[in-house]
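Below is one structure; the comments refer to it alone.
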Amino acid sequence: MKHNYFKSGIVIALLAVFSLLAIQSEAYPPFVRQSAKFGAKDCTFCHTEPQGGEGWNERGKWLMAEKTKRNADSINVEWLSEYDSNATAAPANKTEDKGDKWAELESYHEIMSQTFHPAEEGNLKPIRSQAGELAARAQKWLDSKPPLMYGVPSIKAILVKLNAESKALAELVNKNGSDEDVKKSITALHDRFHEIIGACRVEKEKKK
């Protein structure tokens, strides 16, 4: 009889373990899978605790701030393509990064952010009203003197393309181009901008 109780106890314990594993597997946050391409391996990519929940690190706080800024109902993991860990680093690290700030890049990004994200949602009013300003800031960026680490031909070549494409978008808007063409153009321009961001990160890594 005692032997049967012992066997029953083992079975119950195993069932409890399997049930717990099933629950954990089912509850595994989809955000982790979606964020994998940005380097996520577990919940600590954005949270302070391995199991997730309340308590966010700098990346998580940035996403929460973006949700508020964009007046979004939920967080979109794709926003991480615009996350700059250096921008949220501690003051001690900022001192080390004095040579990588490019004011004209930030100025261009300001208008890009204000126009591209509404366009993603089908609202083209911002880009139609600010296409000229976006083109003007692209020209100022091209004419500016980059930080020493970014003053390489590869980045300059991409910036030349971005400038031409910004002007082309402004001309398209001036000619009252279709919504489809305007959205396609701002999307391609957004990709070009992040091509420059990626190239800058590569050069920065080389200097470390």
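The values are calculated or read from the model by the stated rules, or taken from the named source; none is laboratory data. No experiment lies behind these values; they were computed from the predicted model shown. Cβ: placed from backbone, ideal geometry, glycine included. Neighbour counts: every protein chain shown.
Scanning the range 99-109 for residues that are touching a residue at least 24 places away in the same chain (Cβ under 8 Å) and not aliphatic (A, V, I, L, M) turns up 99, 100, 101, 102, 104, 107, 108, 109. Applying a threshold of 7 Å to beta carbon distances and a minimum spacing of six or more residues, or different chains, the list of pairs starting in the range 128-157 at a residue that is over 30 Å from residue 208 (Cα atoms) and ending at one that is among the charged types (D, E, K, R) reads 135/167. Scanning the range 75-86 for residues that are at pLDDT below 80 and either of a type outside the set (D, E, K, R) or more than 13 Å from the chain's Cα centre (by Cα) (or both) yields 77, 79, 85, 86. Selection of the range 164-208 for residues being surrounded by 14 or more Cβ atoms within 10 Å (Cβ to Cβ) and assigned to a loop (DSSP other than H, G, I, E, B) yields only 177. So for the range 114-135 (the condition being crowded, with 18+ Cβ neighbours inside 10 Å and over 26 Å from residue 67 (Cα atoms)), does at least one residue qualify? Yes, there is a match, as at least one residue in the range 114-135 is crowded, with 18+ Cβ neighbours inside 10 Å and over 26 Å from residue 67 (Cα atoms).
Of all residues in the range 120-134, which are assigned to a helix (DSSP H, G or I) and modelled with pLDDT of 95 or more? Across the range 120-134, the qualifying residues are 125, 126, 127, 128, 129, 130, 131, 132, 133, 134.
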